[in-house]
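The values are calculated or read from the model by the stated rules, or taken from the named source; none is laboratory data. Please read these numbers as outputs of a predicted model, since none were measured by experiment. Here the Cβ positions follow ideal geometry from the backbone for every residue, glycine too, while neighbour counts run over all protein chains shown. Accessible surface is based on the protein model in full, side chains and every heavy atom, while ligands, DNA and RNA are left aside. Shrake-Rupley method; radii C 1.70, N 1.55, O 1.52, S 1.80 Å.
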Amino acid sequence: MGMFDGIAGFGVTFSTMFRKVVTEDYPRVKKVTAPRYHGRHQLNRHPDGLEKCVGCELCAWACPADAIYVEGGDNTDEERYSPGERYGSIYQINYLRCIGCGLCIEACPTRSLTMTNEYELADDDRQDLIYDKDRLLAPLLPGMEQPPHPMRLGENEQDYYVQGPEMARRPDVQDAVREEIQMTPEASR
Amino acid sequence: MTAASEKAPEKPSEREDLPPVPHGHVRLTIDDRVVDAPQGELLIRTCERLGIVVPRFCDHPLLDPAGACRQCLVEVEMGGRKMPKPQASCTMTVAQDMVVNTQMTSAVADKAQQGVMELLLINHPLDCPICDKGGECPLQNQAMSSGRADSRFVEEKRTFAKPLPISDEVLLDRERCVLCQRCTRFSRQIAGDQFIELLERGAHQQIGTEETAFGEGEDFQSYFSGNTIQICPVGALTSASYRFRSRPFDLVSTPGVSEHDSSGAAVRRDWRRGAVTRVLAGEDPDVNEEWIDDKTRFAFRYAQSATRITRPLVRGDDGELHETSWTDALERAAAALLAARDGTGPAPLDADGEPGEPKRGVGVLPGGRLTIEDAYAYAKFARAALQTNDIDARARAHSGEELDFLAAHVAGTGLGVTYADLESAPAVLTVALEVEEEAPVVFLRLRKAARTGTAVHHLGQWSSPAVVKTGGRLVRTAPGREPEALATLPDDVAAALATPGAVVLVGERAAEVPGLYAAVSDLVGRTGARVAWVPRRAGERGAVDAGALPTLLPGGRPVDDVARAQLASSWGLADENALPATPGRDGGAILRAAAAGELAGLVVGGVELTDLPDPVLARAALREADVVVSLEQVASEVTRYADVVLPVAPVVNKSGTFRNWEGRDRRFATTIDPSGGSSGRVGGTAAITLPDCRVLDTLAVEMDVDLFTQTPEVAAAELGHLGAARPTEIGPVRGPDGSGDVDGTDGSLRLASWRQLLDGGALLIDEPELAGTARPPKIRISTVTARRLGLVEDAVAGLEGPRGSLHLPVELADLPDDVVWAPARVPQAGGGVITLAGLGLTHGGPARLTGGTTDGSAA
């Protein structure tokens, strides 16, 4: 029995003391995710606040876990939620079922549905984990107006889609998707 | 049939290694395969039989070929020479030794199809994500299978205002239309409603109605408009009630049977989350081919109505209905019915205030919308549990003469005249049947028959749309005079009916005219024509065969000792005289007896009081009866009088069989099983209710009687086991003794009437779009009568009855003089209905018209 045997037993302990700490101080310090992390969904808005969702249910079709339920509604001139004829009157994502695969994002024809980096999806009530439109819609940014309201950015939905990419590049126009990307630390770095 | 050919230079019809070409067939080569096809077959059908899918839009097997979309181009070689250009395979018929190369083997055909597809898509908008057709769209599918990967068209697309309502129910999106003309050809060829047509020329060519073309005029007023939505191969025609409701990939499709009429039409119900979102026509070549009427298609929301009854209700001491448990409701109902049956209830006080003779007995009014299983349960419940024959499923005008007719010609006769028989009949006569309004699917078949040479005769009052559209001949008669008209038919009509295969279709309204059923019976005896009874409601024929009538036991048995003993032993009753010996009261007599305090109780199924010949009497009867047990899906007027209300399942929540007018059993499985079934998740939001037969079975158990009708399947098996047993001696159909004829000597008019298809019936609730497509109710009179009364077209006239009046605009028609026609039931704007029966008016009876410049009563 050598004299260093007692200390040798602490070899791993001592060597680890000089390595980078792997434990995280969650929840006091939130973990920063990768920029394209598949977090909670968001239903984006056009720059004037109208919803991008047209209620087409393609996300629900793409979902392998059957976590999404959508019902379409008919826009009228008096009550308009999105440009064009149709909007999503009911939009629910069940986070008990969602596996975060992101196929819904790929299916979305209007880039209405995207994913945020928000990953805190736990609750003590199953019912509360079914998110409705009130919790999924992107927040109103400056310059946006709570629907229903008439189309502010053009005559018809074509104008919204044709001018959309251009408007997203203009610094004076708010865009929820771009905003989201900029808020993540990696993107702003 | 087919054989692979190895480099055969000689004509396939002359090749010796193949069997000779069958008679009436030709032999041709398609995609290097030799095939025999019947002469005159379209190339596209021959390809289909070979399993070669040629893309197409305008082609439809039940419509005449049009060659409008040009999508089905194939390369054709005749006599060794290629045709200079690809040919449309939907218009070209097969020919001997033709060589056809589809897109599978011909680059030319493939390129031609891609070119056509590119052309069709030039102006087609990119709105598939919001289009109701998206996901089940032939254009989407075939653009993927036969189109180019990208378009060379960079110019601006042509746009139209959209959606454009062409009726309350049908929306037109002209941008999406590929001008295949399926809708216009359907309307012209099948329905006979030429309200939509191609308008304009060139790039502005579009489908439209008179209204869309000129800003005013007729819109798409057709009872069959929904079929155009279903056959539209793009999303150009969509339904207002299904608009944005769901996507096809999220729906479960379940086959079913129409519950709205006696046609037994096959339907497909698409549903999700416990609710039906749409109904489509099913395919059944023997019954409805691929067409249904709009009532069948669009009226389904009653099952999700806010007035649906889902829990048993019992009237408490406070006089109000309260929800209760099944056990409590069944116990109370059973105890009350037993007391009523045995006459042990409280005796009514007579004039002196002394207890008089106790009321005794229970009458049963099941209503005409039951499946045959449920009707059988009612029939057995009345006989075994209530020990009475007082049961009548006819919630409409009825007569003893009708019972004779049903016993002689309908009950237990099995499959009689069929749709196919109508199509091949040399002549058809409709009696007391306005076929488009009362049996729309039969109308379509009659119209198809008329297009191929069947002479359709109508016994009626005026040239209604059904008469005109079946190319029919009207045997015009004053209302109430139909029996004489049948006795003195024009010679050519009588001769046509004497040819083999001729058919007489008689409607349930024949009961409104005394002597008419006898006259029909006499006519078919005289001419040898076959007769078929076409009632309005889905359950009427089944009720006749199941014995839900006072004089008929299940299987068409008369109420005699043999049949009673047979039934008693079959039902496992110890005493062979356990079943009641005398024929029961009919519906009217049951209500009269209850109102007069003779009957103590009533068991009422799906009966609308306003449908009955005397709603006032019915209300009095329900008020007088000691106990009223109601089995209902939706709260109705009966609920107001009921002591116990037992909820029953609508058609979508149960299985069963409708026996249609042909006598054909139309079995259907449960569409939505809310109790869980295979998947509680999807059906979970529908209310759990039970079919009538189960409810009656449980109620009978509470009364110590076993019906053994726990499920529709068990009930059907027992009824099938009983079988039909028609009496050997068929009694005569007895007409009225004296002439109960009213004569127009007092200067009044005679009333003619029937019900229109969409008239605010019980199953049409919560369907505002459908109600908007109803034909506007009008009063019709002849020009001479109008002049005499001082009425002009479109003036509002009042139809006066003993209990009120009905005000409608006047239309002039070719009625006999001094006859007025009005729809039997008119929904009112603020809800509620006015029925002619409610006004005290009857078909063939006197009526007065007011509103003219001269007094209607003056001769």
Fully extended contour minus Cα-Cα distance, from A:THR16 to A:THR76, at 0.36 nm per residue: 15.0 nm
Tail fraction, Cα-Cα pairs, chain B, threshold 39 Å, whole percent: 46 percent
Set of lysines with alpha-carbon distance to A:LYS20 below 20 Å, sequence-local pairs under 8 removed: A:LYS30, A:LYS31
For B:VAL628, residues with placed amide H under 5 Å, excluding near neighbours: B:LEU602, B:ASP643, B:VAL644
A:ARG169 paired with B:GLU729, simple spin-label distance in nm, labels 7 Å along Cα-to-beta-carbon: 9.9 nm
Per-residue mean of C-beta atoms belonging to partner chains within 10 Å, peptide B:125-131: 6
Length-normalised contact order for segment B:416-533 - Cα pairs under 8 Å, 6+ apart - percent: 30 percent
Evaluated over segment B:155-304, the Cα radius of gyration and Dmax, each in Å: 16.0, 53
Probe 1.4 Å - accessible area at B:ASP110, Å² to nearest ten: 50 Å²
Interchain or long-range residues, amide H under 5 Å from B:HIS458's placed H: B:THR430, B:ARG473, B:LEU474, B:VAL475
Accessible surface, 1.4 Å probe, highest first, among residues B:ARG788, A:ARG135: A:ARG135, B:ARG788
Set of lysines near B:LYS85 by C-alpha distance (under 18 Å), chain-local residues within fewer than 8 positions excluded: B:LYS111
Debye log10 I(q)/I(0) at q = 0.04, 0.06, 0.08 Å⁻¹ for the protein assembly as shown, Cα point scatterers: -0.27, -0.58, -0.96
Estimated Rh, segment B:217-327: Kirkwood, alpha-carbon pairs, angstrom: 16.4 Å
A:GLU120 versus B:GLN304: modelled label distance in nm, points set 7 Å from Cα along the beta carbon direction: 3.8 nm
Per-residue average of Cβ from other chains inside 10 Å of B:246-252: 4
Estimated vicinal HN-Hα couplings, Hz - segment B:92-106 in sequence order (Karplus 6.51, -1.76, 1.60; Gly, Pro = x): 8, 8, 5, 9, 4, 6, 5, 10, 10, 10, 7, 5, 5, 10, 10
Accessible surface of B:CYS72 - all protein chains present, 1.4 Å probe, nearest 10 Å²: 0 Å²
Förster radius 51 Å - calculated FRET efficiency between A:LYS30 and A:PHE4, Cβ distance, rounded to 0.05: 0.75
Helical contribution to [θ] at 222 nm, DSSP H n ≥ 4, -39,500 (n - 2.57), averaged over chain B, rounded to 500: -7000 deg cm²/dmol
For segment A:31-138, diffusion coefficient by Stokes-Einstein and Kirkwood Rh (Cα), 37 °C, 0.692 mPa s, µm²/s: 231 µm²/s
Percentage relative contact order, segment B:155-304, counting C-alpha pairs under 8 Å, at least six apart: 19 percent
Nearby lysines by direct alpha-carbon distance to B:LYS359 (threshold 27 angstrom, same-chain neighbours under 8 apart not counted): B:LYS380
For residues of A:100-110, the mean tally of beta carbons on other chains within 10 Å: 1
Volume per residue that the Cα convex hull of chain A spans, once the total is divided by residue count, Å³: 173 Å³
Alpha-carbon centroid distance for the pair segment A:55-84 / segment A:1-52, whole angstrom: 37 Å
Backbone N under 14 Å from the B:MET104 label point (7 Å along Cα→Cβ), restricted to segment B:9-48: B:29-36, B:44-48
Distance (nanometres) between label positions extended 7 Å along Cα→Cβ at B:ASP817 and B:VAL154: 7.7 nm
Amide H contacts of B:ALA281 (H built 1.01 Å from N, under 5 Å, at least 5 apart or other chain): B:ARG268
Cα centroid separation - segment B:217-258 against segment B:529-575, whole Å: 39 Å
Segment B:13-84 and segment B:763-802: distance between their alpha carbon centers, rounded to Å: 53 Å
FRET E, pair A:ASN156, B:LEU474, Förster distance 60 Å, beta-carbon r, rounded to 0.05: 0.70
Overall Cα dimensions of segment B:469-543 - principal axes, largest extent first, Å: 36, 29, 28
Förster radius 60 Å - calculated FRET efficiency between A:ARG97 and B:GLU637, Cβ distance, rounded to 0.05: 0.85
For chain B, size of Cβ-based charge dipole, Lys and Arg +1, Asp and Glu -1, in debye: 2360 debye
Estimated vicinal HN-Hα couplings, Hz - segment B:830-840 in sequence order (Karplus 6.51, -1.76, 1.60; Gly, Pro = x): x, x, x, 9, 10, 10, 5, 4, x, 7, x
